[in-house]
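A quick write-up on the structure given underneath.
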Amino acid sequence: MTTDDMILYIFCFVDDQMPKLLRHPQAKLYPSELVTMGILFALKGGSFRAFYRWLRRDYGDWFGDGTLPDRTRLLRLLKTHRDWCNYFLAQPTFLTVLDSFPLELIFPIRQGRSPQQVGKKGRDKGRWSVGIKLGWLLNSQNRVVAWDGDTMNVCDKRFNPLVQPFISRTIVLTDEGLRDQDGVAENRKICRRGTWNERMGIETASSLLRWCAV
């Protein structure tokens, strides 16, 4: 599949999934076009400045009226409408899995060098790292049903509230790291190591996330 085909496929998928939102009279982009750009940036990775140069050079005439918004304005638009990501969340299945995934942002030796630092220092798999932690609820097809994020130094039980909206709709499998002395939701099942192979889907999703982060 070429890059052109991939962009067209993503745009068609986004346009089918999103509700019919009206474009502002002064806006250059339709909502589905903006979301497509956000997905492309997430897939391509790297800095937004480099992404914008590539998009404007190779595909600038594909979006809007052939003239992209300025780089800073486009970045603000993506930030303002980030809640549109919720339109693409999957539906829960009979069994779902709740787990966390650490995302290292900088080496521990660089901690505190920038006042704009987002992540915090935490211990993961026997070593210290500075970053953020993603908590996600996946269905049996390994699709994201709900998610939340926090800094690396928080406990996994921080993501237990993700289960609450689905109490009567799914049984959530978790490992022992999400135990809570204050109790857990009635649809939660804490699984011991080596049990409930249905939880292995989280490893597939984590591998895909590592691949996208490289």
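The values are calculated or read from the model by the stated rules, or taken from the named source; none is laboratory data. For clarity, every value in this text was computed on a predicted model and none was experimentally measured. No Cβ is skipped: glycine too gets one built from the backbone with ideal geometry, and neighbour counts run over all protein chains shown.
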note = Within the stretch 63-86, restricting to residues that are within 17 Å of the chain's Cα centre (by Cα) and not aliphatic (A, V, I, L, M), the one that is surrounded by the most Cβ atoms within 10 Å (Cβ to Cβ) is W84
ask   = Taking interchain pairs and intrachain pairs at least six residues apart, which have beta carbon atoms under 9 angstrom, with the first residue in the stretch 2-30 and outside the structural domain of W84 (by TED's automatic domain parsing) and the second loosely packed, with under 14 Cβ neighbours inside 10 Å and aromatic (F, W, Y)?
value = none
key: Total residues in the stretch 144-170, condition under 21 Å from N197 (Cα atoms) and surrounded by fewer than 16 Cβ atoms within 10 Å (Cβ to Cβ)   = 2
message = Residues to consider are G38, G60; find the one that is surrounded by 14 or more Cβ atoms within 10 Å (Cβ to Cβ) and touching a residue at least 40 places away in the same chain (Cβ under 8 Å).
response = G38
task = Kindly check whether there is at least one residue in the stretch 91-105 that is loosely packed, with under 14 Cβ neighbours inside 10 Å, out of contact with any helix residue (DSSP H, G or I) (no Cβ under 6 Å at 6 or more places or on another chain) and in contact (Cβ under 8 Å) with a residue 24 or more places away in the chain.
result = yes
inquiry  = Can you confirm whether T174 is of a type in the set (S, T, Y), under 17 Å from R143 (Cβ atoms) and either modelled with pLDDT of 75 or more or in contact with a Cys (Cβ under 6 Å, 6 or more places away or on another chain) (or both)?
reply    = no
